[in-house]
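See below for the structure under consideration.
The values are calculated or read from the model by the stated rules, or taken from the named source; none is laboratory data. Bear in mind that the values here come from a model prediction, so they are computed numbers and not experimental data. When we count neighbours, we look across all protein chains shown, and the Cβ atoms used for this are built from the backbone with ideal geometry, even at glycine. These accessible areas exclude ligands, DNA and RNA; they are computed on the full protein's heavy atoms, side chains included. Shrake-Rupley method; radii C 1.70, N 1.55, O 1.52, S 1.80 Å.
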Amino acid sequence: MAMPMDFDGMRTDDASERTDNVDEYRRTCIDFIEDISHDYEAWVDYYKLPEDEDKRRRAGIRATIARTNEWIAKVSQSIKAVDVVMNDGIQKMAESTAGKPFQIGVFVNQKSGYTETRPGIIDVNVKATGRDGRKTKLGFHFKDDRFRIESTCDAYIDETNLPTQESEFLDIHLTLHAENAKTRDVISFTVTICEIENDVEIDRRGVSTVVHLV
């Protein structure tokens, strides 16, 4: 069985092509987020975790439902924006389901998870600490894709001269380019961090962030 963290965060049906009514599509996607959350809760059941960890993962899933649906209802102003926020929420639920065994923080304007900033060049601060003296480093989201990114504008993370070295206390800065963004655009991206011991990858986790341009 595939781990939830391997899910690519993208809804694959063509529901967004069957309507041009944003309000109607918001309602559909809010229901979809609630429905798919049960699949992730079923994964938590399957893991048979200790009680504290079980509660932690379920709480993460439920918190994601509430925040994602709030952003779908209040922030997203187009069908594409609804898709970006919805897929971000799906990715976050997968991350909560897989658990967070070591510390990772991804910050935009000193906020994490659900953030806002102005259009332009955006600083993304990534921090991580491994367990039991292990080191951490920037990894790949999937195969040759360093980051997962989806947006309503031409946004991308600069991959030139990336800080990819291992560190006991990782504290790096990435550059998110959103110079062509407009107010009310949204960007979702996932940064993946690997936990390393003796040059061997022990674990890896992704952290997804959604940005509202204001």
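All C-alpha pair distances within segment 101-213, sorted into 10 Å bins from zero, spread as 15, 47, 29, 8, 1 percent across the bins. Each label was represented as a point 7 Å from its Cα along the Cα-to-Cβ direction; for Glu179 and Asn21 these points are 4.1 nm apart. Ordering Val186, Val22 by accessible surface, largest first, gives Val22, Val186; the 1.4 Å probe counts only protein heavy atoms, with every chain in place.
Here the gap between Asn198 and Gln165, fully extended at 0.36 nm per residue and compared with their Cα-Cα distance, gives a gain of 10.5 nm. DSSP bridge analysis restricted to the chain gives an antiparallel fraction near 90%, rounded to the nearest 5. If you take every residue apart from Thr117 with its C-beta less than 10 Å away from the C-beta of Thr117, what net charge results, scoring Lys and Arg +1 and Asp and Glu -1? Computed value for this residue: 0. Against the criterion of solvent-accessible heavy-atom surface with a 1.4 angstrom probe, Arg27, Arg204, Arg148 sort, most first, into Arg27, Arg204, Arg148. The candidate values were (i) 126; (ii) 145; (iii) 182; the one computed from these coordinates for volume of the Cα convex hull per residue in Å³ carries the label (i). Packing here is the average count of other Cβ atoms within 10 Å per residue, and on that basis the peptides 43-52, 130-139, highest first, run 130-139, 43-52. Along segment 46-52 the Karplus relation, 6.51 cos²θ - 1.76 cosθ + 1.60 evaluated at θ = phi - 60°, assigns HN-Hα couplings of 4, 5, 6, 7, x, 4, 5 Hz to successive residues, with x for each Gly and Pro.
Residues with beta-carbon under 10 Å from that of Ala155, excluding Ala155: net charge, scoring Lys, Arg +1 and Asp, Glu -1? Before the final figure, lay out the partial values.
Details: positive: none; negative: Glu150, Asp154, Glu179, Asp185.
Computed value for this residue: -4.
Largest GNM mean-square fluctuation among Asp20, Asp123, Asp171, using the chain with Cα springs under 10 Å: Asp20.
From the helices alone, meaning DSSP H stretches of at least four residues, give me the mean residue ellipticity at 222 nm for the chain, per-run term -39500 (n - 2.57), in deg cm²/dmol to the nearest 500.
Taken over the chain, the calculation gives -11500 deg cm²/dmol.
A Förster radius of 30 Å combined with the Cβ-Cβ distance from Asp144 to Asp31 puts the calculated FRET efficiency at roughly 0.30.
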